[in-house]
Structure formats: C-alpha cells, structure tokens
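Asker: For reference, the structure I am asking about is given below.
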Amino acid sequence: MALGNAKPTFTCDNCGRRGSGASTTSATGRRLCVECADQLTGAAAGLMASQGAVGDAVATAGWFTALRARRRSRRSPGDSA
C-alpha cells in the first residue's frame, strides 16, 4: 500500500517521544530522535576529547546540541541537509 507523501512514524527509544521523518539508529540499534541523537553524539565526542572526564563530556553534549539546533533553525525550508 502506497503511503504517498506520508512520513513513517517512530518512537524514540531514549526519550519516548513519537516523531515522524528522519531518525537515527545508534550503534546499539536504538532509534533516536534528532535531539537525542545530538546528545549522544556530543557526549561521545566530549568523552573522547576529554579522555574520560564525564563532566566535560556532558558539557560538550550540551554545546553540541545547542549548536545543531541553532543551525537547523537558521536553515531555510528549501535547503537540503
């Protein structure tokens, strides 16, 4: 059955929110919404860059998420990812 322009829906395995459109699959197979995927990416980058300092990883995750959200909000609707 054709869906036409309908986007598939999913439930984020991290926060439980239902979403439509793009999702990210983590290395462990969890489906994540955009915000949770940004948090995971930022935390992983922070943990590697700080050589294991958890506080620095949490701070990096926050900065990364804020920057990604700002870039998304500034992008015009017709732009591609």
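Asker: Given (1) under 23 Å from Gly19 (Cβ atoms); (2) free of Cβ contacts under 8 Å to residues at least 24 places away in the same chain, where does Leu47 come up short, assuming only one miss?
Answerer: (1)
Asker: Collect the residues in region 22-81 that are closer than 25 Å to Thr11 by Cβ, surrounded by 18 or more Cβ atoms within 10 Å (Cβ to Cβ) and among the polar types (S, T, N, Q), keeping them in residue-number order.
Answerer: Correct list: Ser23, Gln39, Thr41, Thr65.
Asker: Quick check on region 22-32: of everything there that is of a type outside the set (Val, Ile, Thr) and outside any loop (DSSP other than H, G, I, E, B), which residue is farthest from Ala44 (Cα to Cα)?
Answerer: Arg31
Asker: Continuing with the same structure: For a quick check of your reading of the model, give me the residue pairs whose first member lies in region 9-21 and is farther than 18 Å from Leu40 by Cα and among the acidic types (Asp, Glu), whose second is in a loop (DSSP other than H, G, I, E, B) and open to solvent by less than 60 Å² (accessible area, probe 1.4 Å), with beta-carbon atoms closer than 8 Å and at least 6 apart or on different chains.
Answerer: none
Asker: Also, quick follow-up: Could you grab the pairs with beta carbons closer than 6 Å, sequence gap of 6+ or different chains, first residue in region 28-40 and farther than 15 Å from Gly16 by Cβ, second one open to solvent by 80 Å² or more (accessible area, probe 1.4 Å)?
Answerer: Asp38/Arg68
Asker: Ok, one more. Here is a check on your reading of the model: is Leu40 under 21 Å from Lys7 (Cα atoms), of a type in the set (A, V, I, L, M, F, W, C) and in contact with a strand residue (DSSP E or B) (Cβ under 9 Å, 6 or more places away or on another chain)?
Answerer: It is false that Leu40 is under 21 Å from Lys7 (Cα atoms), of a type in the set (A, V, I, L, M, F, W, C) and in contact with a strand residue (DSSP E or B) (Cβ under 9 Å, 6 or more places away or on another chain).
Asker: Sort out which residues of region 34-65 are of a type in the set (S, T, N, Q) and in a loop (DSSP other than H, G, I, E, B), and write them in order of number.
Answerer: Those that are of a type in the set (S, T, N, Q) and in a loop (DSSP other than H, G, I, E, B): Ser50, Gln51.
The values are calculated or read from the model by the stated rules, or taken from the named source; none is laboratory data. Given the structure is predicted, the values throughout are model-derived calculations rather than measurements. Don't worry about glycine lacking a Cβ; one is built from the backbone with ideal geometry, like all the others, and counts go over all protein chains shown. Side chains included, ligands, DNA and RNA excluded: accessible areas come from the protein's heavy atoms. Shrake-Rupley method; radii C 1.70, N 1.55, O 1.52, S 1.80 Å.
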